[in-house]
Structures are given as structure tokens and as C-alpha cells.
Amino acid sequence: MTPQPHPHTHTPLAAPAAPTGPAPTQTTAITHIAGLVTNDPSLGEGPLGLIQDAAVVIDGGRIAWVGPSSKAPSTDNRVDAAGRTVLPGFVDSHSHLVFAGDRTEEFNARMSGLPYSAGGIRTTVAATRAASRNTLHAGVGRYVAEARRQGTTTIEIKSGYGLTVEDEARALEIAAAHTDEVTFLGAHIVAPEFADRPDAYVELVTGPMLDACAPYARWIDVFCEQGAFDGDQARTVLTAGAARGLTPRVHANQLSQGPGVQLAVELGAASADHCTHLSDADVDALANGDTVATLLPGAEFSTRSPYPDARRLLDAGATVALSPDCNPGSSFTSSMPFCIALAVRDMGMTPDEAVWAATAGGAAALRRTDVGRITPGARADLTLLDAPSHVHLAYRPGVPLASAVWKDGELAE
């Protein structure tokens, strides 16, 4: 017989049902900002749209309001910037983070007088192929976190150290777990197994490898350079990728003048990256096209090579982006502030131009309008500098100035 409750006792009430639908978002105001870099000239002074004594309001993962600190609306939370600077999170449009191994010996030899060549990539290819998925995944996570601590909130990640169908697809799958900006770079160099048959390798890249990799990628890239792929091979790779819905990017004119920049502009590539050795025709093409010139001064620093002439490009009217080009061979840095300092010191850029290139310029190179700026509706990706001005990024090189970073409205650890 089933026990019955006593008529004068009360049965416990059921717990209330969990509310349905999304939880209400929290709003946060960052106030007393000495200088807010919005990258919107309609909101503030100059190309950076700089607002003095400013505030910004975050609602969920988006920017809801910007303006004078004295007029900031009421919010759930408040953060006092205490006279420091806020700027958009850096947008890194060029990185090679899916790799294993170490090339310290190569760097040491280069600093002792040996020149850089593309051949060193093969060392990383061997180590990456031998590494486990967990090792590669952990490595990418480590470098993304390292960049985040320095203010980078959006990052593109390439493959290019597998060079087999399986290894390239694995690299892109790992990259896609960390970013939406994934680039297929099977045409980084000719795979060692195809050293004497480069055209056969191009057939592999544009056939079975592209079939396996396209589902993971947004972009397709090629290293158009002596020792890698010539103009005809690069065109074949990029047009095949475009036919599969991938937008071109090009490693162009890093080690010498060549066809890379012209090809990038002709094919409507989002960016031509490196742009170290340019003819007048290359500069004109970049100035008159939609392709962003992405400059990677970490590579020149780490190879003791001439820096690209940013002043020449800017004066011609080209759009310029900056990126650290983090990779284990020619630029093993994830620091956008370091590259800003190099661009100001050695490439003819003003501090304002370098900051724009590292934020809005990187966004342009990724064809994004929701990052690289602090405007209503944009993603709430921000960096608080422990400095009264964005100029300190170049003025105080090597100093870790990022004191807080927000990604999609969440304060990063």
C-alpha cells in the first residue's frame, strides 16, 4: 500500500521551472578614459576618431554607446579607466600558429651571418607532421592567449606546415577551434616529397588537398616567391581556391620583387602580405585597388632584412595593415605593440597611422567591419592601456601596457 500524506501536512512545492530564453545581458560602462580611439572620424578627432575624457558602454558582446565620460548613461557595472587609454582590440590578420618544433638554431645561425631562405620551413613541416593533435591544439591555444594578453582580440591562423592532405586538414580543423579567420596555405612551399615535381604538388594542392581543406577555411593563400611558387603556379592555386568559395590572400614580394602583388590585386585578394620589395607599379596597383598591403616588420627584425617602406605606400593612398606574422622561423613574436613600435621607428609611420593599421587596417585585411573600431554595434573588443595615450605603444617599446582586454564584452583573464 502506497503511503499517503497526512491531511494536515504540506507536500513540498516543486522547484520553479528554469526561465526560458536568453538571460538578460549586463551593461558595463568604462569611464574616465583619457583618450578613446574609436577609428571613426565622425565620433572624434582625426582619423582615429579620438575622444578625450571619454566613456564607452558595453551591452552584452557589443558596443552600445560612446561619448564624453560626463554623459555616460547608467549601467549595471562601471569600470574607472582612471585617465588611461582605451583602443580597439588589435586585429592580427596574418599568423602561422599550427606548428611544432623549435628553430632556435636557425635563428642563431642567421644572427651569426647566414641569410634567411624559405627552405627552413621544411624543418617545421617535419616536426608538425610528427606532433599529436593535442600537442598542436595546445600550442595554438598558448599563442592565442599570449597575443590576447597583449591586446589582440581577432587573429587569423594559417595552415602550411603539414603539406599532405591529412596534415593540412588537421591543421585547419585545429585552427578553426580557435578563430573564424582560417586560411588554407597548402602552397606554403613545395612538399619535400614533391621537390622535383612542383607542378604535381600544385595539382595535389588544387585537387584532393583543397577538397579536404575548403570546408574549414575562409581564405586561401600562397607563398609567391623564389624558392616557393612562381606566378603561374600561384595563379593556379588562388583561382582554384576562389572556385571553391575561398577568398585569396598572397605572401607577396617578401624576399625580392616579383609577381605576387600584381597577382593579388588582379585577383581581388583581400591582402598582399609582406610587400617588402615593391616597384612603382606595385605601389600604384595597391593604391588603386582594394587589396590591403599587410606589413610584417617582425620578419624583417628577425631576419635582419630591409623594412618595408610604409611611408611610400601611405603617401600613394594604399591601405596598410600591420601584423606580427607569428611563426617559428622568421618572426617568432605575437606582439602587436612591438610591431607598432617597429613601424614607427623604422618604417616611416606616425604613431596614429601604426595604431590604425594594427586595428582598423587589420580588420580591412580580413574584410571585417565589426572589429577594429569602437562604434555602436561593433563587437566589444577593447584594450585598456596602462598609459595616458595610445602613442605610448611606440614611446615605450617592449613594455607590457595592456592592463585589461575585453573580447566580445567579456573581460579576458
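Considering every residue within segment 51-66, establish whether at least one is over 26 Å from Pro324 (Cβ atoms) and at pLDDT below 95.
There is at least one residue in segment 51-66 that is over 26 Å from Pro324 (Cβ atoms) and at pLDDT below 95.
Could we say that Thr123 is more than 30 Å from Pro400 (Cβ to Cβ), part of a helix (DSSP H, G or I) and among the β-branched types (Val, Ile, Thr) here?
For Thr123, the condition - more than 30 Å from Pro400 (Cβ to Cβ), part of a helix (DSSP H, G or I) and among the β-branched types (Val, Ile, Thr) - is met.
Looking at segment 323-351, I want the residues that are under 22 Å from Ile121 (Cα atoms) and have a partner that is surrounded by fewer than 24 Cβ atoms within 10 Å (Cβ to Cβ) and basic (Lys, Arg) with Cβ atoms under 7 Å, at least 6 apart or on another chain. Which pairs are those?
Final answer for the pair search is Pro328/Arg103; Gly329/Arg103.
Among what's in segment 61-92 and is among the small types (Gly, Ala, Ser) and surrounded by fewer than 16 Cβ atoms within 10 Å (Cβ to Cβ), pick the residue that is nearest to Ala387 (Cα to Cα). Outline the logic, then answer.
In the first step, residues of segment 61-92 are kept if they are among the small types (Gly, Ala, Ser); the result is 61, 64, 67, 69-70, 72, 74, 81-83, 89.
Now drop any that are not surrounded by fewer than 16 Cβ atoms within 10 Å (Cβ to Cβ), which leaves 61, 70, 74, 82-83.
Details: Gly61: 25, Ser70: 21, Ser74: 26, Ala82: 10, Gly83: 8 Å.
The selected residue is Gly83.
Quick check, is Leu204 within 24 Å of the chain's Cα centre (by Cα) and either of a type in the set (A, V, I, L, M) or surrounded by fewer than 22 Cβ atoms within 10 Å (Cβ to Cβ) (or both)?
The answer is no for Leu204.
Look through segment 360-372, keep the residues that are farther than 19 Å from Ala269 by Cα and not hydrophobic (A, V, I, L, M, F, W, C), and return whichever of them is least open to solvent (accessible area, probe 1.4 Å).
Gly372
When segment 41-56 is examined, which residues are found to be closer than 14 Å to Val86 by Cα and either under 25 Å from the mean Cα position of the chain (by Cα) or in a loop (DSSP other than H, G, I, E, B) (or both)?
Of segment 41-56, the ones closer than 14 Å to Val86 by Cα are 44, 48-56.
Within segment 41-56, Gly44, Leu48, Gly49, Leu50, Val56 qualify.
Does Val86 satisfy the criteria of being within 23 Å of Ala177 (Cβ to Cβ) and touching a residue at least 12 places away in the same chain (Cβ under 8 Å)?
So Val86 does not fit the description; no.
Would segment 104-116 turn up any residue that is among the hydroxyl-bearing types (Ser, Thr, Tyr), farther than 22 Å from Ala191 by Cβ and in a strand (DSSP E or B)?
Residues of segment 104-116 that are among the hydroxyl-bearing types (Ser, Thr, Tyr), as a first pass: 104, 112, 116.
Filter again for farther than 22 Å from Ala191 by Cβ, leaving 104, 112.
With the extra rule that they be in a strand (DSSP E or B), the set shrinks to none.
No, segment 104-116 contains no residue that is among the hydroxyl-bearing types (Ser, Thr, Tyr), farther than 22 Å from Ala191 by Cβ and in a strand (DSSP E or B).
Inspect all residues belonging to segment 183-200 and state whether any of them is part of a helix (DSSP H, G or I) and open to solvent by less than 10 Å² (accessible area, probe 1.4 Å).
For segment 183-200, residues part of a helix (DSSP H, G or I) and open to solvent by less than 10 Å² (accessible area, probe 1.4 Å): absent.
The values are calculated or read from the model by the stated rules, or taken from the named source; none is laboratory data. Given the structure is predicted, the values throughout are model-derived calculations rather than measurements. Note that each Cβ is placed from the backbone with ideal geometry, even for glycine, and that neighbours are counted across all protein chains shown. Just the protein is used for accessible areas: all its heavy atoms, side chains included, with ligands, DNA and RNA removed. Shrake-Rupley method; radii C 1.70, N 1.55, O 1.52, S 1.80 Å.
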